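Heads up, the thing below is written out as structure tokens.
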Amino acid sequence: NDVEDTPEPHVPTQIPTVSSTAFTASVSGTIDGVTYDELNSGQRGILYNEGTDGAQTYFDSWLKGNNNPGCSQVGRIKLNPGGNLEVTLTQLKPETTYTYCLYYQSRDGVTRLLGAQGTFTTRAFGCTLETAEARSVGFYKAYIPGSVKAETKDLELCTVGIVLSPDAAEPTLADDHKKANPIAEDGTFDISLNELRCGTEYRFRTYLQVEH
């Protein structure tokens, strides 16, 4: 009797490369055994999970047909010529390890494959907020320049603001808020204050808000 050959299991070997900041991670890689045309016509994405325990269970669940396996995922990720996949993960936690793998599903839904599994750890979030001396530009206006030192991708998530208190009182979060103008690529910013009281001494406190 003829014996049918059992197909060998798909064993991915090429682990994608990752470049991470405190809140983001850029993943770039391929999935072994999947052509550009297959990736282009099918579904492609990434699965990822916080920590190293339990990730394999979620990934295996997806492989068995579960579209909501319980871990985080991003679909329709960028496909470059040659079959290289790229995606940037956002809203991550600083100083946290994640486990991830790329995935492919054929257009007819029959074939599902996972790329090689890898891990990465986001960096600690560190920044320096500096402001120069406030400059009066008129009877009712003032200008406060400053700068934020942080990694470029983290800098894009930062917003600078100010709380302002008249009569030299210590400013608190209950006082008037004013957001700075958008932070430039080099980290510099400025805050324009209008409609101030003439002849009034103000105290202010700047703050940094990270939206992720």
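Can you say whether GLN73 is under 15 Å from the mean Cα position of the chain (by Cα) and either in a helix (DSSP H, G or I) or modelled with pLDDT of 95 or more (or both), as far as the supplied structure shows? So GLN73 passes the test. Reported count of residues in the range 173-189, each being assigned to a strand (DSSP E or B) and either open to solvent by 70 Å² or more (accessible area, probe 1.4 Å) or not hydroxyl-bearing (Ser, Thr, Tyr) (or both), is 5.
From the list THR206, THR200, the lone residue that is assigned to a strand (DSSP E or B), hydroxyl-bearing (Ser, Thr, Tyr) and open to solvent by less than 50 Å² (accessible area, probe 1.4 Å) is THR206. Taken together, TYR36, TYR48 contain a single residue that is surrounded by 13 or more Cβ atoms within 10 Å (Cβ to Cβ), over 14 Å from LEU102 (Cα atoms) and either touching a helix residue (DSSP H, G or I) at 6+ places or on another chain (Cβ under 7 Å) or of a type outside the set (Gly, Ala, Ser) (or both), which is TYR36. A single member of SER106, SER147 is over 30 Å from GLN56 (Cα atoms) and of a type in the set (S, T, N, Q), and it is SER147. Restricted to the range 96-136, the set of strands (runs of 3 or more DSSP E) holding at least 3 residues that are open to solvent by 50 Å² or more (accessible area, probe 1.4 Å) comprises 128-131. So, of the residues in the range 74-91 that are within 17 Å of THR121 (Cα to Cα) and in contact with a strand residue (DSSP E or B) (Cβ under 6 Å, 6 or more places away or on another chain), which turns out to be most open to solvent (accessible area, probe 1.4 Å)? Among them, the one singled out is THR88. Among the residues that make up the range 148-157, is at least one of them assigned to a strand (DSSP E or B) and either open to solvent by less than 40 Å² (accessible area, probe 1.4 Å) or touching a helix residue (DSSP H, G or I) at 6+ places or on another chain (Cβ under 8 Å) (or both)? Yes, that holds for at least one residue. Let me spell it out: the conditions are (1) part of a strand (DSSP E or B); (2) more than 30 Å from the chain's Cα centre (by Cα); (3) acidic (Asp, Glu), and GLU170 meets all of them except one. Which number is the exception? All conditions pass for GLU170, except number (1). Is it the case that TYR58 is part of a helix (DSSP H, G or I) and open to solvent by less than 90 Å² (accessible area, probe 1.4 Å)? Yes.
The values are calculated or read from the model by the stated rules, or taken from the named source; none is laboratory data. A quick note: this is a predicted structure, and the numbers were derived from the prediction, not measured. Heads up, the Cβs are rebuilt from the backbone with ideal geometry, glycines too, and the neighbour counts pull from every protein chain shown. The accessibility values were calculated without ligands, DNA or RNA, using every heavy atom of the protein model including side chains. Shrake-Rupley method; radii C 1.70, N 1.55, O 1.52, S 1.80 Å.
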